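Worksheet for the structure shown next.
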Amino acid sequence: MGEQKIGRREFLGQIAVGTAALGYFPSSVLGANERVRVGMIGVGARGQELVKQLLAVPNAELVAVADVYKRRHEEAKKLVPRLKTFDDHRRMLEIKDLDAVIVASPLHIHARHFLDTLAASKDLYAEKTMTWSIAEAEQCREAAKGSKQVVAIGLQHESSGSLADAKQWIKQGLPGKITQVESWMSRNTPQGQGQWVRPVPADCTAENVRWDAFLNGRSPRAFDGYKFINWRLFWEFSGGNITENMVHQVAWIMTALDLPAPSSAYMSGGIFSEKDGREVPDTIAVTLNFPNDVVVAWQSVFNNKRFGLGERLLGSHGTIEHLRGSNDMVTGKSESGIRFYPEKVNRPDGAELKGESRDQDHMANFIDCIRTRKRPNAPVEIGYRSALAAHMANLSYRSKKAVTLEEAREMRLATHG
Ligand SMILES: NC(=O)c1ccc[n+]([C@@H]2O[C@H](COP(=O)([O-])OP(=O)(O)OC[C@H]3O[C@@H](n4cnc5c(N)ncnc54)[C@H](O)[C@@H]3O)[C@@H](O)[C@H]2O)c1
């Protein structure tokens, strides 16, 4: 007779008592072929995309979702029929054999879901921006540092081949001293269709939504389906395009150049194209100053998409240009990819290079880290630093002046932490 086989969950059950005092389960006992059991908090538009990404990862399964809107339970069950559904995330976190949790709730609830997930000893994939305020970012980073759980942030460009190429070229010293980065993000919609505006479904009513849980401590008021669905447009719940999109590009730039938090930020702009009652600006120009001789500029519009998205890292010996869907000025053709262009004055024999590294699967990287206990591609540190940069920009815009990191940490706008 061979040894009696003991299943992982049985094994975890037996050692749980011993490890409970330490506040974590040693998920490293997960074998390569054992299924990682995942739950999700907030299974709306992004959450449902992430469900599909998770289902594509071998040996990972979605077992439960928590969402305050009943409709989302039915939508999630269409993707995974045998799901357990909850309207309160705390009940889902009580499931013992849940290994990990993906948080894809609106921004103003990220910190609560982040902290509750770690307190329940589950590994965590938290959508960007890590938190709605600087104070919350500090709190979440501390909690992650004091925990044994894997924490990955939904900054998927940290897993991109373009970032691997940029880091490699910088490590080789090809661009020389980079003093400035210009970056931009642009979109357009047909006239009259506001960017981001979503229709409110007929079943989005006070009976079908746990409105208080959505408000998460914001002042109590009657149910407002428009704000519940279009939370992105309002400061109480959102940081606008800064926390929706700039954060992705700034995180990519910060990792490429190994930048600390900015020393100061300035942001101007306004609601110039989407005059539909929203509070967050649609036209934006941000300047982020870093202590190590670098300034990063980011610009964004919602009424012209000719130049798509991109970053240009300007160095004494060359330029790294990363484009996504930008129309070339001369040919008009759409360009994507990453290239290095030498500065002939300082690198006369330098050759133009094209990045060839492939993207890694960001979700697969998280699941892999649950097994190996390695640091994910987008760890809490980059979530934290990019959140700081984002909030400094918004605090500058809202207070109409440049703000230093120290000032931003002290600032408490009525609806901004
Ligand atoms: N990484 C990316 O590329 C990317 C892309 C899009 C969105 N996002 C991020 O994903 C998050 C969600 O965005 P979205 O567009 O899916 O929003 P959404 O409104 O479509 O989905 C949010 C879901 O959370 C639910 N919810 C609200 N309060 C809750 C609570 N207290 N507990 C549990 N569930 C609650 C809502 O009912 C909804 O189903 C945001 O942080 C956004 O920035 C990331």
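A few points about this structure:
- Matching residues, region 319-350, being in contact with a helix residue (DSSP H, G or I) (Cβ under 8 Å, 6 or more places away or on another chain) and buried (at least 16 other Cβ atoms within 10 Å of the Cβ): ILE320, HIS322, ILE338, PHE340
- Qualifying residue in region 111-120 (condition: surrounded by fewer than 23 Cβ atoms within 10 Å (Cβ to Cβ), under 20 Å from LEU215 (Cβ atoms) and touching a Leu at 6+ places or on another chain (Cβ under 7 Å)): yes
- Contact annotation: residue pairs with Cβ atoms under 7 Å, 6 or more positions apart or on different chains, pairing a residue in region 216-228 that is outside any helix (DSSP H, G or I) with a partner that is open to solvent by 70 Å² or more (accessible area, probe 1.4 Å), are ASN216/ARG112.
- When the residues of region 239-269 are filtered to those that are out of contact with any strand residue (DSSP E or B) (no Cβ under 6 Å at 6 or more places or on another chain) and away from the ligand (no atom under 15 Å from the Cβ), the one that is most open to solvent (accessible area, probe 1.4 Å) is ASP258.
- Only residues that are of a type in the set (A, V, I, L, M), more than 23 Å from ALA390 (Cα to Cα) and surrounded by 15 or more Cβ atoms within 10 Å (Cβ to Cβ) were counted across region 201-238, and they come to 2.
- If you go through region 63-79 and keep only what is closer than 25 Å to LEU155 by Cα and more than 8 Å from the ligand (Cβ to nearest atom), you end up with VAL63, ALA64, VAL65, GLU75, ALA76, LEU79.
- In region 104-134, of all residues being in contact with a strand residue (DSSP E or B) (Cβ under 7 Å, 6 or more places away or on another chain) and assigned to a helix (DSSP H, G or I), the one that is farthest from GLN53 (Cα to Cα) corresponds to LEU118.
- Residue match in region 52-62 (condition: surrounded by fewer than 22 Cβ atoms within 10 Å (Cβ to Cβ), near the ligand (Cβ under 10 Å from one of its atoms), in contact (Cβ under 8 Å) with a residue 12 or more places away in the chain and at negative phi): no
- In region 333-361, residue farthest from PHE307 (Cα to Cα) [restricted to those that are in contact with an Asp or Glu (Cβ under 7 Å, 6 or more places away or on another chain) and assigned to a loop (DSSP other than H, G, I, E, B)]: SER357
- Cβ-Cβ under 6 Å pairs, at least 6 apart or on other chains, region 346-372 side among the acidic types (Asp, Glu), far side assigned to a helix (DSSP H, G or I): ASP359/GLY161
- Condition met for ASP97 (more than 19 Å from GLU381 (Cα to Cα), touching a Lys or Arg at 6+ places or on another chain (Cβ under 6 Å) and near the ligand (Cβ under 9 Å from one of its atoms)): no
The values are calculated or read from the model by the stated rules, or taken from the named source; none is laboratory data. Not measured: the values here are computed from a predicted model. FYI the Cβ positions are ideal-geometry reconstructions off the backbone, even for glycines, and counts take in every protein chain you see. Calculation scope for accessible area: heavy atoms of the full protein, side chains included, ligands and nucleic acids excluded. Shrake-Rupley method; radii C 1.70, N 1.55, O 1.52, S 1.80 Å.
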